[in-house]
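The values are calculated or read from the model by the stated rules, or taken from the named source; none is laboratory data. All of these numbers come straight from a predicted model, not from anything done at the bench. Positions of Cβ are backbone-derived with ideal geometry, glycine not excepted, and every protein chain shown enters the neighbour counts. Note: areas computed on protein heavy atoms with side chains; ligands, DNA, RNA excluded. Shrake-Rupley method; radii C 1.70, N 1.55, O 1.52, S 1.80 Å.
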Amino acid sequence: MPADLIDLAPSRRSMKEDVLEGLTATRKWLSPKYFYDRQGSALFDEICELPEYYPTRTEMGIMQEFGPAIASAMGPGSVVVEFGSGSSAKVRLLFDMLTEPRAYVPIDISKDHLKSAADGLADDFPNLEVMAICADFTGSLDLNIRQLIDGRLVGFFPGSTIGNFSSPEAKDFLQNTAALLGTGGGLLIGVDLHKDTGILEAAYNDAKGVTAAFNLNILSHINRELDANFDLKRFRHRAFYNPDKGRVEMHLVSTHDQDVRVAETMVPFAKGETIHTENSYKYSLDGFKDMARSAGYSPRQCWTDENRLFSVHFLEVA
Ligand SMILES: C[S@@+](CC[C@H](N)C(=O)[O-])C[C@H]1O[C@@H](n2cnc3c(N)ncnc32)[C@H](O)[C@@H]1O
């Protein structure tokens, strides 16, 4: 049976306001949420398979190795609410381990990808109620899931997507999820750890150029949605570790002096000027737990791989 879909996708108008705010700033930027149209989601799935991209296989390895402990922390009869569910590949590991999960609520901004992943999951787990919500999780998260489905709400936020937020944004997001999940609720969250610069820079500069295509796809998405005329051949991908900020940065570098039309606005670019498209902050175990506490969670358990590349935390709403 196909999954239910609640469509709260952000409007074209809000995308236009966000994009123009970023492109008319002194240092140009775009929100990483605009990577994810149908093509961007497919490219992200391809990134997850790359040999250089350690986070996906490492996080899945941790979930497999510590499956029973994770399932016991999440408890029986839970309603799993996934933020940024993408292909829903990782949650399948949970549904193989959890005791009588009641329902699955994937939330993602990329509507087509969300719908097909949710339908696939509903087919493969016929006893599970699947209710997909297309929404921007950086918004108010004012979703009354309890009114729709009964049960203990347990959030799932894998892939270190939390790393895309600055520290105040991450705290806000965690506070909003704690309010949504409610007292007694929990959150299973994947968090990437500080490590050798070489490993980090290779992960965001793969040899096949998939990450470059993913980064450039944000311009195709803007061309299509906002009637813009970015020439993708006139921008190139750049990713590097910024040690002062503890984050990997992705940029698109203008290879020429050029003017680009975005909706009704002309945006000038100097040769070498960049659009900052993504940050991926890295954490220490204690640094992340401190942030979780400050946002209203009690860190309960934490698991890592043997090389301490990645971590998975279980937090309870305090
Ligand atoms: C880095 S991918 C992670 C995908 C998957 N959870 C994983 O761990 O492999 C981020 C996911 O979050 C979604 N996403 C990004 N920003 C979002 C936002 N502001 N609101 C809702 N979904 C968002 C994307 O569409 C994408 O599926």
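Six or more apart or on different chains, Cβ atoms under 6 Å: show the pairs whose first residue is in the stretch 24-37 and farther than 17 Å from Ala263 by Cα and whose second is part of a loop (DSSP other than H, G, I, E, B) and open to solvent by less than 60 Å² (accessible area, probe 1.4 Å). Once the first residue is farther than 17 Å from Ala263 by Cα and sits in the stretch 24-37, its partners that are part of a loop (DSSP other than H, G, I, E, B) and open to solvent by less than 60 Å² (accessible area, probe 1.4 Å) give Lys33/Ile109; Tyr36/Ile109; Tyr36/Ser110. Taking (1) of a type outside the set (D, E, K, R); (2) within 15 Å of the chain's Cα centre (by Cα); (3) on the phi < 0 side of the Ramachandran plot in turn, Trp29 satisfies each apart from (2).
Reported count of residues in the stretch 259-318, each being closer than 30 Å to Ala228 by Cβ, open to solvent by less than 40 Å² (accessible area, probe 1.4 Å) and not in a strand (DSSP E or B), is 1. Looking at the stretch 40-53 only, could you name the residues that are within 16 Å of the chain's Cα centre (by Cα) and more than 12 Å from the ligand (Cβ to nearest atom)? Answer for the stretch 40-53, where residues must be within 16 Å of the chain's Cα centre (by Cα) and more than 12 Å from the ligand (Cβ to nearest atom): there is none. Tell me, yes or no, whether the stretch 116-129 has at least one residue that is within 13 Å of the ligand (Cβ to nearest atom) and farther than 14 Å from Val80 by Cα. Yes: one or more hits.
Within the stretch 95-115, the residues that satisfy the criterion of being away from the ligand (no atom under 12 Å from the Cβ) and closer than 21 Å to Gly151 by Cβ are Phe95, Asp96, Met97, Leu98, Thr99, Glu100, Pro101, Arg102, Ala103, Tyr104, Val105.
I'm checking my understanding of the structure. Among residues of the stretch 12-35 that are open to solvent by 60 Å² or more (accessible area, probe 1.4 Å) and in a loop (DSSP other than H, G, I, E, B), which one is farthest from the ligand (Cβ to nearest atom)? Taking the candidates together, the pick is Thr26. No other residue among Arg152, Arg146 is touching a strand residue (DSSP E or B) at 6+ places or on another chain (Cβ under 6 Å), more than 10 Å from the ligand (Cβ to nearest atom) and open to solvent by 60 Å² or more (accessible area, probe 1.4 Å) apart from Arg152.
Residues checked against (1) among the small types (Gly, Ala, Ser); (2) within 13 Å of the ligand (Cβ to nearest atom); (3) surrounded by 21 or more Cβ atoms within 10 Å (Cβ to Cβ):
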residue	(1), (2), (3)
Lys171	no, no, no
Leu174	no, no, yes
Leu187	no, no, yes
Ala212	yes, no, no
Ile218	no, yes, yes
Phe235	no, no, yes
Thr255	no, no, no
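Scanning the stretch 57-90 for residues that are among the hydroxyl-bearing types (Ser, Thr, Tyr) and within 15 Å of the ligand (Cβ to nearest atom) gives Thr58, Ser85, Ser87, Ser88.
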